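*Asks:* Okay, here's the structure, questions in a sec.
Readers should treat all values here as calculations from the given coordinates under stated rules, not as data from a laboratory. Computed from a predicted structure; not experimentally measured. Note: ideal-geometry Cβ built from the backbone for every residue, glycine included; neighbour counts use all protein chains shown.
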Amino acid sequence: MLKSHANIPEPMNPAKKLSPVHTLEGHESLINSCSFSKDGNLVVSSSADGTVRLWHANSGQQLASFEGHDGMMVQNCAFIPSAKQCLRHLKKIEESDCEEETEEEEEEDQPLVISASDEDIKLWGAHDGKEKGSMEIECDGMLQGFALSPDGRKIISNMDDQCIILSTIGETKAVSLRGHEGAAKSFCFSSDGEQILTSSTDGSVKLWDSDSGDEILDFKGHSESVLKAVFSPDNARILSCSADMTLRLWERLTGKQMAVLDGHGSEIHLCNFSPNGRWIASASKDKDIKIWNAETHEEIATLRGHKSFVWSIQFSPNSMLLLSTACDGSMLLWALPHGELLGSLQGHTEGVKSCSFSPGGKALVSSSHDNTLMLWNMTGCAYEGYIDEMGSFIDSRTKRQFPSAVCSIIADYAWPTAIGDLDIEDEYCPQQQPKTECNHPVYRRRVKSCKF
């Protein structure tokens, strides 16, 4: 049992009200998506106003506006992971002459942005603002979204007419993934890019080859629409959630059902693995969010706080935080795995449809139907100090042999009650390690020893 010490001050109330560092204004209609560049210095956003906009993550300044979608609603946007390879591939296909090749070579260091409307998918140079490529979407209906392969070369897009298209950037031919008897609800690439996972209103989850577009496996077990399916970080398992109020875990190689996670009282529309693969988060129509142990399949916590439909759930890159957003504009930050409420991110006045942590997890961008984006600081000096302190007491062998136990100690022990000031300086830059001065004490109790 841990002893209390009279000289340790009472911890702060962790459920803080947090304000954005910057509010990014410029879009003239609701914003559908947003994401950071690989280095965390740029933010891209897409909107119903028909534009894609580029922003500086440090200052919040708008850097560019891409307006080639002819006023059509732009549903999705993202940065291409391997921009250099993509540009070289496009240059090779177009068979440029020597002069053009030299010019293109000078542009290869710039990031690439991809965006999609109901009619086409376009590529943009982030530095020069030029359109680098375009592909027409040959299906009827509204675009529901797209997913990029890890190397940025392949794209899955789907329309509301059950059309799932696999395209390769720079090539005119596309493959249609046919097999579902209902509309596709989700789609994603495996982390190695070799396979594609889709879920459908027909109650099935399907695995496809990303080169040929051939169906590999059909996972059946849900009794109603499967609203989302995802790969585990190591690609060994598949997680699906359904309108039948269950989550199911599957072996990827065999299609065997491993477990049924039952506990929600309404249809489950969101689910995901934490980046470290240890936790599962799910959200249901009744506004509940649940955290599960991905190894034992046991429910850990139920997170209640939202008063309206939960639109998104996002793990931080280090798997220690979960951010949830809702259609009333609320954003809540939770500590994992037991779901202590750390703070409420307040600023948006309408639904927050999309949010994204920076690659280092030190910043967050959110986009809303109030036509704004907001940048938030996720750096807690007390939290980082605590993690450093804990690290000095846990030897490397213990970390290797008992990673789940170590993670549980860190998450359970103190940091949710020791969270420090989350406000940020105006000159914060996600690319650099910020030099923070902690104005609040880090509440610690020393662990002298522990045994497994």
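*Asks:* Give me the net charge for the shell around residue 216: Cβ to Cβ below 9 angstrom, other residues only, Lys and Arg +1, Asp and Glu -1. Please list the in-between numbers first.
*Replies:* Working: positive: 206; negative: 209, 214, 215, 218.
Neighbourhood net charge equals -3.
*Asks:* Let me ask another. Would you mind getting me the FRET efficiency between residue 285 and residue 192? Use the beta-carbon distance for r and R0 = 30 Å, nearest 0.05.
*Replies:* Calculated value: 0.35.
*Asks:* Right, another one. What does the charge count near residue 154 come to, summing +1 for each Lys or Arg and -1 for each Asp or Glu among other residues with Cβ under 13 Å from its Cβ?
*Replies:* Here the charged neighbours net out to -4.
*Asks:* Would you pull out the residues with amide H under 5 Å of residue 51's amide H, same chain only if 5 or more places away, H placed 1.01 Å from N?
*Replies:* Under 5 Å from the amide H of residue 51: 74.
*Asks:* Another question about this same structure. Could you work out how far apart the two model spin labels at residue 309 and residue 120 are, taking each label as a point 7 Å from the Cα in the direction of the beta carbon, and quote it in nm?
*Replies:* Placing both labels 7 Å along Cα→Cβ, they lie 3.2 nm apart.
*Asks:* Quick one: Kirkwood hydrodynamic radius for the stretch 181-340, alpha-carbon pairs, angstrom, one decimal?
*Replies:* Details: mean 1/r = 0.0640 Å⁻¹.
In the stretch 181-340 this quantity evaluates to 15.6 Å.
*Asks:* Also, quick follow-up: Please list, in chain and number order, the residues 5+ apart from residue 186 or on another chain whose amide H is under 5 Å from its amide H, with Hs placed from the backbone.
*Replies:* 199
*Asks:* Another question, if that's okay. All other residues with a Cβ under 9 Å from the Cβ of residue 244 taken together, and with Lys, Arg as +1 and Asp, Glu as -1, what is their net charge?
*Replies:* Neighbourhood net charge equals -2.
*Asks:* Let me ask another. For the stretch 148-207 and the stretch 283-297, what is the separation of their C-alpha centers, rounded to whole Å?
*Replies:* After rounding, the separation between the Cα centres reads 26 Å.
*Asks:* Something else now. How far apart, in nm, are two points set 7 Å out from the Cα along the Cα-to-Cβ line at residue 234 and at residue 134?
*Replies:* Rounded to a tenth, the inter-label distance reads 4.6 nm.
*Asks:* Right, next: For residue 181 and residue 338 in the same chain, what is the full-extension length gain: residue separation times 0.36 nm, less their Cα-Cα distance, in nm?
*Replies:* Length gained, residue 181 through residue 338: 52.6 nm.
*Asks:* If each residue of separation counts as 0.36 nm, what is the full-extension length gain between residue 216 and residue 25 once their alpha-carbon separation is subtracted?
*Replies:* Difference between extended and current length: 64.2 nm.
*Asks:* Read phi for every residue in the stretch 269-280 and hand back ³J(HN,Hα) as whole Hz from Karplus 6.51 cos²θ - 1.76 cosθ + 1.60, θ = phi - 60°, with x for Gly and Pro.
*Replies:* 10, 9, 7, 6, 8, 6, x, 7, x, 8, 10, 10
*Asks:* Please give the contour-minus-distance gain from residue 262 to residue 56: 0.36 nm per residue of separation, less the Cα-Cα distance, rounded to one decimal in nm. Don't jump to the answer; show the numbers that get you there.
*Replies:* Working: separation 206, 0.36 × 206 = 74.16 nm, distance 4.32 nm.
Here the answer is 69.8 nm.
*Asks:* Amide H to amide H, which residues 5 or more places from residue 227 or on other chains are under 5 Å from it, using H placed in the peptide plane?
*Replies:* Here the answer is 241, 242, 243, since their amide H atoms fall under 5 Å of that of residue 227.
*Asks:* Relative to a virtual label point 7 Å from the Cα of residue 172 in the Cα→beta-carbon direction, which members of the stretch 115-138 show backbone nitrogen distances below 12 Å?
*Replies:* 136
*Asks:* Return the subset of 185/220; 220/290; 206/307 for which the Cα-Cα distance in this structure is over 26 Å, preserving the input order.
*Replies:* 206/307
*Asks:* Let me ask you something else. Residue 349 to residue 318: FRET efficiency via 1/(1 + (r/R0)^6), r the Cβ-Cβ distance, R0 30 Å, to the nearest 0.05?
*Replies:* 0.50
*Asks:* Based on the Cβ-Cβ distance from residue 39 to residue 299, what FRET efficiency comes out when R0 is 41 Å, to the nearest 0.05? Before the final figure, lay out each step's value.
*Replies:* Working: r = 38 Å, r/R0 = 0.92.
The pair residue 39/residue 299 has a calculated efficiency of 0.65.
*Asks:* Tabulate in residue order the Karplus-calculated ³J(HN,Hα) for the stretch 243-253, using 6.51 cos²θ - 1.76 cosθ + 1.60 with θ = phi - 60°, rounded to whole Hz; enter x for Gly and Pro.
*Replies:* Karplus-based 3J(HN,Hα) across the stretch 243-253 equals 5, 7, 6, 10, 10, 9, 10, 10, 7, 5, 6 Hz.
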